[in-house]
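A.B. asks: Shown below is the structure under consideration.
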Amino acid sequence: MHKNDSDKGKIITITVNTALDLYIEIEGLAHNDNIVAQSNTEFACGKGVNVARGVASLSIAVTCLGFVGQQSLPTFEALDSEFIQTDFTAVEGKTRTNITLFDRTDNRETHIRTKGYTVNAEDCRHLKDKLAALLTPNDIVVLSGSLPPGMAPDWYAEMIELCRGKRATALLDSSGNAMNNGLAAKPYLIKPNQQELEQIVGAPLKNEAEIVSAARGLVEQGIHWIYVSRGAQGVVVVGRRVAMAANIVDTPSRILTHIGCGDAMVAGLAVATRNGESLENTVKTSIACGVANLYSREPGKFEQKLQQEMMSKIAIRSL
């Protein structure tokens, strides 16, 4: 059952470490050679920005907050559209660049990451104040990605507490210290991949049973839902009284890129949570969003029609 429209809150994404994603296609990578790119595209990105694209792909309004290097602000403001509203905070320094080289010869991707801006305490206070002024009860706030240099390691925890005080729901998708510190504030939902969950619990997880056991430990600490993404093996979902595995069957073979698929999945979780969907529909919506993004070059974006088609191809089993 859906909530009444009047009870539905806003969806807000926060991306404190935005990026410019440059995707370059080449024919063969050789040493000491000049290579002419077959094509190149650049997108304003960062995990929360990608989530916002996914939310917009489902024809739902979303507001993007976060930091952007001053000179890149026009590029990120250009994201404004029918469903996306941006209100980024410009900071000194450059927005980092993520470069993906796709070699058509061996169908291989190489990723290159550059460093970006550093933020200060005033920048962080300004962003917190902006979120506080925007928040209303029932809002869904998605906190995504790494923290930039200069940001306190417990900043996500502070934002989760802010959301709780405003009766908004916080979803966290991060890793490393940013994730570990955020967990202390007990977000409603987290979406680690298997490797990130292993980092959280400090041990390898060899099978579904070990994944469920590790996730249940986090649920016992006060986190309502854990969605563990496992690539082609699907997703393990653990809550207070349920554990299940879900995966898609019969997927098309032509895949453009894996970049942004996890963020598209988070977009599906945000929309389904906002709409008060059943657990089954929430799982199917999120996975279908992630799979649909495999066939889009733009991170997080996908065709809603394809996403709907994928919904019927998802198998769910109890664990």
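The values are calculated or read from the model by the stated rules, or taken from the named source; none is laboratory data. Nothing here was measured: the structure is a model prediction, and the numbers come from that model. Glycine gets a Cβ as well: all are built from the backbone with ideal geometry, and neighbour counts include every protein chain shown.
A.B. asks: Could you tell me whether residue 257 is hydroxyl-bearing (Ser, Thr, Tyr), under 25 Å from residue 145 (Cα atoms) and not in a loop (DSSP other than H, G, I, E, B)?
C.D. replies: Against the criterion (hydroxyl-bearing (Ser, Thr, Tyr), under 25 Å from residue 145 (Cα atoms) and not in a loop (DSSP other than H, G, I, E, B)), residue 257 does not qualify.
A.B. asks: If you don't mind, another one. What is the residue count in the range 56-111 for residues that are of a type outside the set (Asp, Glu) and in a loop (DSSP other than H, G, I, E, B)? Before you say what the answer is, go through the steps one by one.
C.D. replies: As a first pass, look at the range 56-111 and keep what is of a type outside the set (Asp, Glu): 56-76, 78-79, 81, 83-86, 88-91, 93-102, 104-105, 107-108, 110-111.
With the extra rule that they be in a loop (DSSP other than H, G, I, E, B), the set shrinks to 58-61, 78-79, 81, 83, 88, 93-95, 104-105, 107.
The total comes to 15.
A.B. asks: Of the conditions (1) touching a residue at least 60 places away in the same chain (Cβ under 8 Å); (2) among the hydroxyl-bearing types (Ser, Thr, Tyr); (3) surrounded by 16 or more Cβ atoms within 10 Å (Cβ to Cβ); (4) under 30 Å from residue 38 (Cβ atoms), residue 72 clears all except one; give me its number.
C.D. replies: (1)
A.B. asks: Tell me which residues, restricted to the range 189-221, are free of Cβ contacts under 8 Å to residues at least 12 places away in the same chain, more than 24 Å from residue 267 (Cα to Cα) and either part of a helix (DSSP H, G or I) or touching a strand residue (DSSP E or B) at 6+ places or on another chain (Cβ under 6 Å) (or both).
C.D. replies: Answer for the range 189-221, where residues must be free of Cβ contacts under 8 Å to residues at least 12 places away in the same chain, more than 24 Å from residue 267 (Cα to Cα) and either part of a helix (DSSP H, G or I) or touching a strand residue (DSSP E or B) at 6+ places or on another chain (Cβ under 6 Å) (or both): 210, 213, 220.
A.B. asks: Now, a different point. Would you mind telling me which numbered condition in (1) crowded, with 18+ Cβ neighbours inside 10 Å; (2) farther than 22 Å from residue 99 by Cα; (3) among the β-branched types (Val, Ile, Thr) residue 249 fails?
C.D. replies: Of everything listed in (1) crowded, with 18+ Cβ neighbours inside 10 Å; (2) farther than 22 Å from residue 99 by Cα; (3) among the β-branched types (Val, Ile, Thr), residue 249 misses just condition (1).
A.B. asks: Shifting gears a bit: So if I check each of 181, 177, which one is of a type in the set (S, T, N, Q) and either in a loop (DSSP other than H, G, I, E, B) or at pLDDT 95 or above (or both)?
C.D. replies: It is 181.
A.B. asks: Same structure again: Taking the range 160-171 on its own, how many of its residues are of a type outside the set (Val, Ile, Thr) and surrounded by 21 or more Cβ atoms within 10 Å (Cβ to Cβ)?
C.D. replies: Here the count works out to 4.
A.B. asks: Of these, 20, 73, which one is among the aliphatic types (A, V, I, L, M), over 23 Å from residue 271 (Cβ atoms) and in contact with a Ser or Thr (Cβ under 6 Å, 6 or more places away or on another chain)?
C.D. replies: That would be 20, the only listed residue that is among the aliphatic types (A, V, I, L, M), over 23 Å from residue 271 (Cβ atoms) and in contact with a Ser or Thr (Cβ under 6 Å, 6 or more places away or on another chain).
A.B. asks: Another question, then. Filter the range 120-150 down to the residues that are closer than 14 Å to residue 91 by Cα and out of contact with any Ser or Thr (no Cβ under 9 Å at 6 or more places or on another chain), then identify the one that is surrounded by the most Cβ atoms within 10 Å (Cβ to Cβ).
C.D. replies: It comes out as 124.
A.B. asks: Considering only the range 176-196, state which residues are more than 21 Å from residue 233 (Cα to Cα) and touching a His at 6+ places or on another chain (Cβ under 8 Å).
C.D. replies: 188
A.B. asks: Further question on the same structure: Filter the range 36-55 down to residues that are touching an Asp or Glu at 6+ places or on another chain (Cβ under 8 Å) and either part of a loop (DSSP other than H, G, I, E, B) or charged (D, E, K, R) (or both), then give me how many there are.
C.D. replies: 5
A.B. asks: So which of 44, 52, 157 is at pLDDT 95 or above, under 30 Å from residue 255 (Cβ atoms), crowded, with 16+ Cβ neighbours inside 10 Å and of a type in the set (Gly, Ala, Ser)? Break it down stepwise before answering.
C.D. replies: Values: 44 fails: at pLDDT 95 or above; 157 fails: under 30 Å from residue 255 (Cβ atoms).
Going through 44, 52, 157 in turn, just one is at pLDDT 95 or above, under 30 Å from residue 255 (Cβ atoms), crowded, with 16+ Cβ neighbours inside 10 Å and of a type in the set (Gly, Ala, Ser): 52.
A.B. asks: State which residue is farthest from residue 291 (Cα to Cα) when the search covers only the range 222-248 and only residues that are in a loop (DSSP other than H, G, I, E, B) and in contact (Cβ under 8 Å) with a residue 40 or more places away in the chain.
C.D. replies: Here the answer is 223.
A.B. asks: How many residues does the range 59-70 hold that are within 20 Å of residue 262 (Cβ to Cβ) and out of contact with any Ser or Thr (no Cβ under 8 Å at 6 or more places or on another chain)?
C.D. replies: Within the range 59-70, residues that are within 20 Å of residue 262 (Cβ to Cβ) and out of contact with any Ser or Thr (no Cβ under 8 Å at 6 or more places or on another chain) number 1.
A.B. asks: Where residues in the range 293-313 are in contact with a Leu (Cβ under 8 Å, 6 or more places away or on another chain) and in a loop (DSSP other than H, G, I, E, B), which of them is nearest to residue 54 (Cα to Cα)?
C.D. replies: That would be 296.
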